[in-house]
Amino acid sequence: MAKDKKHNAVSSSSKENFLTKFSINNLIPQKFHFLAAALIVVVLFLIFLNPMYFGGKTFQSGDIIASESAKPYVLKDREEFSLWNPHIFCGMPAYSMGTEKTWFNFIYMGFAYVRMAFASLFSVDYAVWSFYLIVLAFSSFLLMRHISKNTMISLFTAIAASFSTGLIVFLYIGHVTKLTSICMYPLIFLILLKFEEKIKIIYALTLIIV
């Protein structure tokens with residue numbers, strides 16, 4: 001009998017520690033969890049990409065340098081959209097929406113203006129593409145919070161996804177168009193999971209936008 005009581009006391013004390021008692025709700029109200037996570041992610045990126053954001057440095061690769069050749073071609077005055085870019089390899093088709101601003105493509109224009117506002121905070125133009133890694137962190141957080149209902153797990157997932165070597169390397173080598181697509185994948189999966197619960201117009205409109 002004494003052994004059973006001793007065993008129960010030891011097991012109960014081993015279960016109660018800082019990690020088991022810790023709850024982020026005691027520090028931050030639940031309605032501010034996303035804002036807190038977003039702030040942490042932004043601070044981490046400011047630290048990690050500090051040489052580019054505040055040091056005036058940038059990445060150099062063949063693709064990054066080659067992309068600069070398209071700028072004078074795109075800026076030329078023309079009546080119609082560019083359908084061919086002669087400055088990439090031996091020439092490649094140029095999607096008109098991606099090479100020039102069009103008033104009727106309001107979704108692209110919306111993202112472009114937000115991206116430009118983010119880039120205006122820094123002296124290096126290439127910093128604009130890190131915006132999509134931050135968006136990836138936000139969308140990964142929302143997806144995992146819907147699945148796990150746990151803010152800390154969602155935060156770790158967001159950090160792991162956005163700082164993953166296989167993804168952040170696209171920023172280093174200049175394959176930034178991949179980032180523009182990948183950053184929306186978690187949000188697409190989130191909306192599909194939402195559809196299983198209830199189909200709402202706002203979910204459908206969001207899915208169309210992303």
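Extension gain, Phe118-His146: 0.36 nm per intervening residue step, less the Cα-Cα distance, totals 7.3 nm. Each label was represented as a point 7 Å from its Cα along the Cα-to-Cβ direction; for Phe189 and Val42 these points are 2.6 nm apart.
Label separation (Tyr108 vs Ser164): 2.7 nm, computed from points 7 Å beyond Cα along the C-beta direction. Under 5 Å from the amide H of Asn85 lie the amide H atoms of Met92, Ala94, each residue being 5 or more positions distant or on a separate chain, with H modelled from the backbone and absent for Pro and chain starts.
Every read-out reported here was derived from the displayed coordinates using simple, explicitly stated rules and does not represent laboratory data. Since the model is a prediction, treat every value here as computed from it, not as a measurement. Positions of Cβ are generated from backbone atoms using ideal geometry, with glycine treated the same way; all protein chains shown enter the neighbour counts.
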